[in-house]
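Here the structure comes first, spelled out in structure tokens, and everything after it is commentary.
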Amino acid sequence: MDGMGIIKGLGVTLKRFIDTFLDDIRWFGKRYYTKEGIAQRMSADTRGIFTIQYPEEKLPVPEEFRFVPVLLYEEGPDGVKKDRCTSCGICAKVCPPQCIWIVRTNDPNTGRPIPEPEKFFIDVDICMNCGFCAEYCPFDAIKMDHDYELSVYDRHSKNIYDKEKLWRPVSYYAGIRPVNYAREEAARAEAEAAKAARRPRA
């Protein structure tokens with residue numbers, strides 16, 4: 001019968017509309033702008049309209065979510081920041097779109113390289129967020145960030161990230177990827193213990 005499809009479609013819309021108000025009443029105003037409300041709307045039990053009200057609300061990203069890479073540094077008790085990066089250049093070599101540039105630090109007296117980058121650049125417009133740089137870094141110095149809100153008005157001046165903009169403390173990485181961080185630290189501690197066991201004793 002002509003028009004039945006339209007009537008059925010309007011019926012589905014009306015049901016969703018009513019279910020939304022019933023769920024809002026059941027949650028007593030806590031359905032929006034709360035972690036519990038977002039989790040409920042993400043679940044299979046949600047009813048009615050479940051749209052996330054971005055940017056006021058944001059979906060939690062999984063730990064393995066990856067966006068623009070960041071450089072990690074370790075902060076000593078005296079507050080001195082020490083790069084994990086040794087400017088070996090492996091990340092720049094494996095980068096498929098070639099968006100990483102590194103300037104190595106050299107000793108002004110001897111001219112020998114110092115294991116830390118003088119300059120480090122990533123063009124985030126070219127970066128494809130593949131994570132190869134983080135995967136191949138032998139020093140766990142480069143990791144994939146969770147920050148995806150990178151909109152700017154001038155990409156030519158804002159989207160080439162330098163070392164200062166890429167720098168993050170190790171504690172930041174531990175916060176966004178706790179499982180990975182714990183696994184890496186356990187492996188690092190195990191490697192250090194094995195190295196200590198191989199050292200000759202006096």
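The values are calculated or read from the model by the stated rules, or taken from the named source; none is laboratory data. Values in this document were obtained by computation on a predicted structure and should not be read as measured data. Neighbour counts run over all protein chains shown; Cβ positions are idealised from the backbone, glycine included.
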Self-check item: Test: Tyr32 is surrounded by 11 or more Cβ atoms within 10 Å (Cβ to Cβ) and not assigned by TED's automatic domain parsing to the domain that holds Ser171
Solution: yes
Quiz prompt | Counted residues, the range 14-49 - those being over 32 Å from the mean Cα position of the chain (by Cα) and closer than 23 Å to Val61 by Cα | solution = 0
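Looking only at the range 150-170, count how many residues are free of Cβ contacts under 8 Å to residues at least 12 places away in the same chain and not aromatic (Phe, Trp, Tyr).
8
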Practice problem: Give, as residue ranges, the helices (runs of 4 or more DSSP H) completely inside the range 66-166 that count at least 2 residues that are crowded, with 16+ Cβ neighbours inside 10 Å and not aromatic (Phe, Trp, Tyr). | Solution: 90-94, 132-136, 163-166
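Touching a strand residue (DSSP E or B) at 6+ places or on another chain (Cβ under 8 Å) and modelled with pLDDT under 95: which single residue out of Ile160, Ile142, Ile126, Ile122 fits that description?
Answer to the check: Ile160.
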Quiz item: When you go through (1) surrounded by fewer than 13 Cβ atoms within 10 Å (Cβ to Cβ); (2) over 16 Å from Cys85 (Cα atoms) one by one for Asn180, which number turns out not to apply?
Solution: (1)
Quiz prompt | Condition met for Ala92 (under 32 Å from the mean Cα position of the chain (by Cα) and not assigned by TED's automatic domain parsing to the domain that holds Tyr136) | solution = no
Exercise. Can you give me the number of residues within the range 83-118 that are touching a residue at least 12 places away in the same chain (Cβ under 8 Å), of a type in the set (Lys, Arg) and more than 13 Å from Cys137 (Cα to Cα)?
Key: 1
